[in-house]
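The values are calculated or read from the model by the stated rules, or taken from the named source; none is laboratory data. These numbers come from a predicted model, not from an experiment. Cβ placement follows ideal geometry from the backbone for every residue including glycine, while neighbour counts extend to all protein chains displayed.
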Amino acid sequence: MEISQVVQNIKPSATIAAATKAKELKAQGVDVLEFTLGEPDFTTPAHICQAAKDAMDAGHTHYTPAGGLIDVRQAVADFYEQTHGLKYAAKEIVLSNGAKHSIHNALMALCNPGDEVIIPAPFWVSYSDLVELTGAKPVILSTKEEDNFCLQPEDFESAITDKTKLIMLNSPCNPTGTSYPPDLLHQLARIATDRGVHILSDEIYERLIYEGSEFKSIATFGDDIRANTITVNGVSKAYAMTGWRIGWTLSTPEVAKAMEKLQSQETSCPSSISQLAAKAAVTGPQECVDEMLTAFVERRKYVLERLNAIPDISFPTPGGAFYAFINVSRYFGKSLQNGVTVDNSTDFCTALLENAHVALVTGDAFGAPGFVRLSFATDLKTIEAGLDAFEGFLKG
């Protein structure tokens, strides 16, 4: 059988590919120190798991409305009013099989072949491929390390054409950890709205913010900006629920209706059990989020201290999420561990895995040659051993 051209053109997820390589080595008996996946290492909190068990015992194991159960959508709406002062009706919220699915729904609902979608780089690996699946064209705008990888308003405005349909923004950002200052985010949102460019705001890391940074949901910047924005979020990162696969969008009623119609043909509905677990997450005690954030704060502090002591690398200080995005380009062409040399990020990650048994993700996949991403969503013992091996690899 001949595979379709559109599927041939998309690339496998680089983060999953890196994790797969690490697992292959582990299967051979190699002790791999893995920092590839953006997945909290914590177990889903007990009260959320109990809600899922209760749902099964109560027989909530059937199809739901395509966009999700009304009471769960209302719970998400209530959460946004309580935390951000944003009022959404349940019909303006669409629950999906994870935030990635929500992004796909939004792009499919808005984009036509030939449209342009602006994506600041570095960007999460799936963005450009999800755009291409719609027939639209991803327009990648490079940002600068000295600007903390934040898109500058003048660069955004100069990239807008009569074909520009959408801009994709992600704060805090995967892979950089950058958290946009609210005033800069407001400037970008104002330009987009005034120029008729829709905003897709991926806010999946909003609960993972560190001291010195501030999170502001784009939809809070005014009624016209709210009406121009599709907000994407979910329970994966804040509640350690990556495998439960529940995300959501907040948008206008007409866009929500379009996404719900699309989802009815794609997946019928999200998991009924996972939906009720997600309801317990957003309505239940939030101390679990604070406890996980406290652990990430400790890990981040250690990672930054260790990286700052290594010569000839640089990185933006992560204001959110759980990533360090490291510029290793000064080591290209130099003799590394076992005399190996590399001249790009992908080869660097391969050599690091094969020689030091440390698994990172290449910046090439994020639109940032010369960088590698380290996820510190793992325990301190692993982080310490991984950074020891990383430093040893660089010393040669």
Taking F296 as meeting all but one of (1) more than 22 Å from E24 (Cβ to Cβ); (2) in a loop (DSSP other than H, G, I, E, B), write down the number of the exception. (2)
State which residue pairs qualify: first residue of a type in the set (D, E) and surrounded by 13 or more Cβ atoms within 10 Å (Cβ to Cβ) and inside region 135-147, second residue assigned to a strand (DSSP E or B) and at pLDDT 95 or above in any location, beta carbons under 8 Å apart, and separation of 6 or more residues or different chains. E145/S314; E145/N327
Can you tell me which residues in region 20-60 are modelled with pLDDT under 90 and of a type in the set (K, R)? K21, K23, K26
Answer yes or no as to whether V297 is touching a residue at least 24 places away in the same chain (Cβ under 8 Å) and outside the structural domain of T164 (by TED's automatic domain parsing). yes
Hits in region 148-163 - residues which are part of a helix (DSSP H, G or I), without any contact (Cβ under 8 Å) to a residue 24 or more places away in the chain and out of contact with any Leu (no Cβ under 7 Å at 6 or more places or on another chain): E154, S158
Is region 253-262 home to any residue that is over 30 Å from N228 (Cβ atoms) and either surrounded by fewer than 17 Cβ atoms within 10 Å (Cβ to Cβ) or touching an Asp or Glu at 6+ places or on another chain (Cβ under 9 Å) (or both)? no
Sort out which residues of region 351-364 are more than 19 Å from S128 (Cα to Cα), crowded, with 19+ Cβ neighbours inside 10 Å and not small (G, A, S), and write them in order of number. L352, L353, H357, V358, L360
Which of the residues that make up region 365-396 are surrounded by fewer than 24 Cβ atoms within 10 Å (Cβ to Cβ), charged (D, E, K, R) and closer than 19 Å to P318 by Cα? D379, E384
For region 313-349, the count of residues that are surrounded by 17 or more Cβ atoms within 10 Å (Cβ to Cβ), more than 29 Å from S213 (Cα to Cα) and in contact (Cβ under 8 Å) with a residue 60 or more places away in the chain equals 3
Exactly one condition in (1) over 29 Å from I246 (Cα atoms); (2) touching a strand residue (DSSP E or B) at 6+ places or on another chain (Cβ under 7 Å) is not met by K137; state its number. (1)
Say we look at region 333-376 and pick out the residues that are assigned to a strand (DSSP E or B) and not small (G, A, S); which of these is farthest from R300 (Cα to Cα)? T362
Matching residues, region 211-253, being outside any helix (DSSP H, G or I), free of Cβ contacts under 8 Å to residues at least 60 places away in the same chain and touching a Pro at 6+ places or on another chain (Cβ under 9 Å): E214, K216, A238
Is it the case that some residue within region 109-120 is assigned to a helix (DSSP H, G or I), buried (at least 17 other Cβ atoms within 10 Å of the Cβ) and either touching a residue at least 40 places away in the same chain (Cβ under 8 Å) or assigned by TED's automatic domain parsing to the domain that holds T252 (or both)? yes
Only listed residue being surrounded by fewer than 17 Cβ atoms within 10 Å (Cβ to Cβ) and in contact with a helix residue (DSSP H, G or I) (Cβ under 8 Å, 6 or more places away or on another chain), chosen from I93, I70: I70
Of all residues in region 215-230, which are surrounded by 19 or more Cβ atoms within 10 Å (Cβ to Cβ) and of a type in the set (S, T, Y)? S217, T229
Which numbered condition trips up D183, out of (1) surrounded by 17 or more Cβ atoms within 10 Å (Cβ to Cβ); (2) more than 22 Å from V303 (Cβ to Cβ); (3) of a type in the set (D, E, K, R)? (1)
Residue hits (region 257-274; out of contact with any Phe, Trp or Tyr (no Cβ under 9 Å at 6 or more places or on another chain) and assigned to a helix (DSSP H, G or I)) are K257, A258, M259, E260, K261, L262, Q263, S264, Q265, E266
Hey, does region 61-69 have a residue that's of a type in the set (V, I, T), at pLDDT 95 or above and not assigned by TED's automatic domain parsing to the domain that holds L374? yes
How do the helices (runs of 4 or more DSSP H) wholly within region 1-94 filter down when requiring 1 or more residues that are in contact (Cβ under 8 Å) with a residue 40 or more places away in the chain and over 19 Å from L276 (Cα atoms): which remain? 5-9, 14-27, 70-84
